[in-house]
Amino acid sequence: MPAIPAIRLFSGTGMKVEVITSPKSGLWAHFVFCQRLFCRPISLSNKAKIYHGPTANLRRRGRDGFAAMKVGILGSGDVGQALGRGFAARGHEVILGSRTPDSGKLKAWVEKTGNRASTGTFAQAAAHGDTLVLATLGTGAEQAINLAGPSNFAGKLLIDVTNPLDFSKGMPPGLFIGTTDSLGERIQRMLPEAKVVKCFNTVGNSQMVDPTYKEVEMLICGNDKTAKDEAARILKEFGWKGVIDIGGIEGARWLEALVPLWVRVGIALNNWNNVFRVLHE
Ligand SMILES: NC(=O)c1ccc[n+]([C@@H]2O[C@H](COP(=O)([O-])OP(=O)(O)OC[C@H]3O[C@@H](n4cnc5c(N)ncnc54)[C@H](OP(=O)(O)O)[C@@H]3O)[C@@H](O)[C@H]2O)c1
């Protein structure tokens, strides 16, 4: 474990929030200019681990004899690709959804990710998945859901990674929805039968799977307790210590609001592997 410089950002009664950074900062400077992050490759050692899937999603048995899920990911950017690699490396069957599923970029992703991964339209990804992930540009989320077909979301866990970032005034971004509403709530309203869980949106894509820092809990929210339990199980499978569940989907207002701060911290540190960590008893 490298030495971890920790900077406390906030200190309140019984709770401290700190940001942790790793020495890989050089790789991440690019983000400031192009607003995209690099993906960290999934370590091969993951493939040897034993993973548990929910029996509700059982379609086949993975190589370790545990249940494998069908996962549909809407969004083919750095986040979709990183999470898709993470799921596929654990034996789940992934379709990455895009408006251009046959692009050279996505063919290269499939080649690298292996035979449990393929690409499709947003509708094909949404129909395929028992577990769904929304990882589109914030301003494209509603259009992507419409292209996917809202009925394909009914009854399913939808992990919402999107952020309503507003880059119209350049860097660093603001929010195009905030304080009295959120993208998470809009998505839940659009899809009343889906079980939306806001998750992963407060960390960079390099940290989503096999995070560098093992003692960090992910901040999540959503209306459905079973869906949040399932998101927590997936996070464990991805190497996270656990979750802090901040309540119903209206909490997305504050999880999304953390992200313009995260970007400012990234600029200040010139490092995009930062994660906020809550220290608590
Ligand atoms: N990058 C990170 O590290 C990070 C971390 C946490 C959260 N997030 C959030 O996660 C989401 C994805 O981020 P990203 O960096 O992977 O990529 P991104 O560039 O924000 O989004 C790429 C995806 O959005 C889709 N998209 C863009 N405009 C669309 C439209 N009008 N209609 C339908 N789909 C549209 C693209 O579809 P096509 O495939 O058809 O082009 C593509 O799949 C964002 O909301 C971001 O704020 C990002």
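The values are calculated or read from the model by the stated rules, or taken from the named source; none is laboratory data. Here the structure is a predicted model, which means the values were calculated and not measured. Here the Cβ is made from the backbone with ideal geometry for all residues, glycine too, and neighbour counts use every protein chain on show.
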Discussion item. One residue is enough: does the range 193-201 have a residue meeting the conditions surrounded by fewer than 23 Cβ atoms within 10 Å (Cβ to Cβ) and out of contact with any Leu (no Cβ under 7 Å at 6 or more places or on another chain)?
Written reply: yes
Practice prompt. Mind listing just one residue for me: the one in the range 142-184 that is in a strand (DSSP E or B) and touching a helix residue (DSSP H, G or I) at 6+ places or on another chain (Cβ under 7 Å) and, of those, nearest to the ligand (Cβ to nearest atom)?
Written response: 165
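Let's see how each residue does on (1) within 13 Å of the ligand (Cβ to nearest atom); (2) at pLDDT 95 or above; (3) more than 20 Å from the chain's Cα centre (by Cα); (4) of a type outside the set (S, T, N, Q):
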| position | (1), (2), (3), (4) |
| --- | --- |
| 41 | no, no, no, yes |
| 54 | no, no, no, yes |
| 66 | no, no, yes, yes |
| 76 | yes, yes, no, no |
| 94 | no, yes, no, yes |
Worksheet item: Considering 139, 121, which residue is in contact with a Gly (Cβ under 9 Å, 6 or more places away or on another chain) and among the β-branched types (Val, Ile, Thr)?
Response: 121
Fill in: One residue from 235, 219 being of a type outside the set (Ser, Thr, Tyr), buried (at least 21 other Cβ atoms within 10 Å of the Cβ) and touching a Leu at 6+ places or on another chain (Cβ under 8 Å)
219
Item to complete: With respect to residue 214, determine if the residue is more than 19 Å from residue 159 (Cα to Cα) and either free of Cβ contacts under 8 Å to residues at least 60 places away in the same chain or in contact with a Ser or Thr (Cβ under 9 Å, 6 or more places away or on another chain) (or both).
Response: yes
